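Okay, so here's the structure we're looking at.
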Amino acid sequence: MESTDYLLPKYVQIKNMIIEKIESNQFEENSKLPSEREISEKYGVSRMTARKALKMVVESGYASSHVGKGTYVHKPKLTKNLTEIEGFSFMVRRQRDGTIASRVLEAKIIEADSLLSEKLKIPISAEVYRITRIRIVDGVPIAIQESNLPAQFFPNLLAHDFSMTSLYKTIFEEYGVKIVSSTQILNIEYADKHKAELLGIKEHDALFLFNSVSYDADNNAIEYCIHHMRGDKCSFYNELRTNSSAIGSLPFRKS
């Protein structure tokens, strides 16, 4: 707790302490928070003050309240800016001090089919690295990520352990390849049995399906990525600006 927190109302101090414990995983995802009575007794405050503190934790997006059951930890969604190119690990670290892990489902060389040939601008049957991982934050599976990269640009790429190492960091530091642009398509899908088991969710739960092709400075297609992200854990936003040359064509309505 910050040294100036003692100046704040008691319910705000308690709210801040609870959020600190959530962020440091002392209160884990889906765990039950202390009740109003427990908070009241522990901090020597009224039930009303305890109720205010829990309400503020919920309003801050760190928990959800269930009538008759209590208040449960529910960390804020990870938010991806669609106008920025960033790896999964960087996206998470930008928003929270959580533990990031990956479980590699497959890391192998395959031959490009017609889809990979089109996306990566390589001949059919050319060698492609396929690396599929479950991306995990604070012990919770968040996404299934399938990366396909042309083998011609990255000799011996599979010698790296991508359960421990960032793919984007590796291709930049080891091969001097920097991704500078990307085309992206975002859709909604529903988890089949296999994806549901991998992500620890229910079959037919909503997922974001994110397809992207990333390019280097020479406009070489470096990666075709298929990303299945949990709808209850992730959100996306975009920043739009009006093209000044097109202002005259906008359908303004007189008041």
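The values are calculated or read from the model by the stated rules, or taken from the named source; none is laboratory data. This is a predicted model, so every value here is computed, not measured. Please note: Cβ atoms are built from the backbone with ideal geometry, for glycine as well, and neighbour counts cover all protein chains shown.
Worth a mention:
- Looking only at residues in segment 214-247 that are of a type in the set (Ser, Thr, Tyr) and loosely packed, with under 14 Cβ neighbours inside 10 Å, the one that is modelled with the highest pLDDT is Ser235.
- Of the residues making up segment 195-228, those that are among the small types (Gly, Ala, Ser) and touching a residue at least 24 places away in the same chain (Cβ under 8 Å) are Gly200, Ala206, Ser212, Ser214, Ala217, Ala221.
- Summed over segment 122-153, the residues that are in a loop (DSSP other than H, G, I, E, B), farther than 18 Å from Val177 by Cβ and of a type outside the set (S, T, N, Q) give a count of 4.
- Test result for Ser65, at pLDDT below 90, among the hydroxyl-bearing types (Ser, Thr, Tyr), over 22 Å from Glu223 (Cβ atoms) and in a strand (DSSP E or B): yes
- On inspection, Ile179 fails the criterion of being touching a Lys or Arg at 6+ places or on another chain (Cβ under 9 Å), in the same structural domain as Ile201 (by TED's automatic domain parsing) and either surrounded by 15 or more Cβ atoms within 10 Å (Cβ to Cβ) or on the phi > 0 side of the Ramachandran plot (or both).
- Residues of segment 108-160 that turn out to be surrounded by fewer than 13 Cβ atoms within 10 Å (Cβ to Cβ) and at pLDDT below 95, as a count: 1
- Number of residues in segment 45-69 that are small (Gly, Ala, Ser) and either outside the structural domain of Val12 (by TED's automatic domain parsing) or touching a residue at least 40 places away in the same chain (Cβ under 8 Å) (or both): the value is 3.
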